[in-house]
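Every number here is computed from the coordinates shown, using simple stated rules; none is lab data. This structure is a prediction, so every number in the text was calculated from the model and none was measured. All Cβ positions, even for glycine, are placed from backbone atoms using ideal geometry, and neighbour counts span all protein chains on display.
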Amino acid sequence: MADSSFDIVSKLDRQEVDNALSQAAREIATRFDFKGTGASIEWKGEQAIEIVASADDRASAVLSVFQDKLIKRDQSLKILDASDPRQSGQVSKIDIVLKEGITSEDAKKISKLIRDEGPKGVKAQIQGDELRVSSKKRDDLQAVQQLVKSQDYDFAVQFTNYR
């Protein structure tokens, strides 16, 4: 019988992030507590978002609104790498970088975890920015998924290509 396998990846759903950003921008434009603060949130390139407001606390409030919208759209907050509010002239800005992919160090950590604590006969191979896990038994693969989910990594983890 052929081995069963799945991939461990860290990807973001760009469409869902875009929808969350649009919803947050609409809410900021209509909410009373943001009137007159010059608060805005918008894309800044492919993998970055910029928040602008008149004060640090307003910029942080915009970030909070955006995070709420991401949660409602089932996106992990671990995809966000937000800077602290910084003054830029008369306004306060927060830059957010969207994180995607598993670094080789993180892939090695996951691979070592699977080797040390996972069921016997489970193999993990690093393939670029993802990790392929294979085994003869599907139950072992599900045990590995539970093991990886139970860990607290600083990046979002998804499981794809389960076959």
Study note, to complete from the structure: Rounded to one decimal in Å, the inverse mean reciprocal Cα-Cα distance for segment 14-98, i.e. its Kirkwood radius, is 12.6 Å
**Study point:** Linear extension gain, GLN127 paired with GLN47, 0.36 nm per residue minus alpha-carbon span
**Key:** 26.6 nm
Revision key, fill the gap. Here the gain from full extension of GLU27 to ALA82, 0.36 nm per residue of separation minus their alpha-carbon distance, amounts to 17.8 nm
Exercise for review: Show the residues, 5+ positions off or on another chain, whose built amide H is closer than 5 Å to the amide H of VAL122.
Suggested key: none
Practice item. Calculate one ³J(HN,Hα) per residue across segment 128-134 by plugging θ = phi - 60° into the Karplus curve 6.51 cos²θ - 1.76 cosθ + 1.60, and present them in order as whole Hz with x for glycine and proline. Key: x, 9, 9, 10, 9, 10, 9
Point to revise | Karplus (6.51, -1.76, 1.60) ³J(HN,Hα), θ = phi - 60°, over segment 112-121, in Hz, Gly and Pro reported as x | key: 5, 4, 5, 5, 6, 10, x, x, 5, x
Revision key, fill the gap. Distance in nm between SER64 and ASP95 label points, each 7 Å along Cα→Cβ, equals 2.5 nm
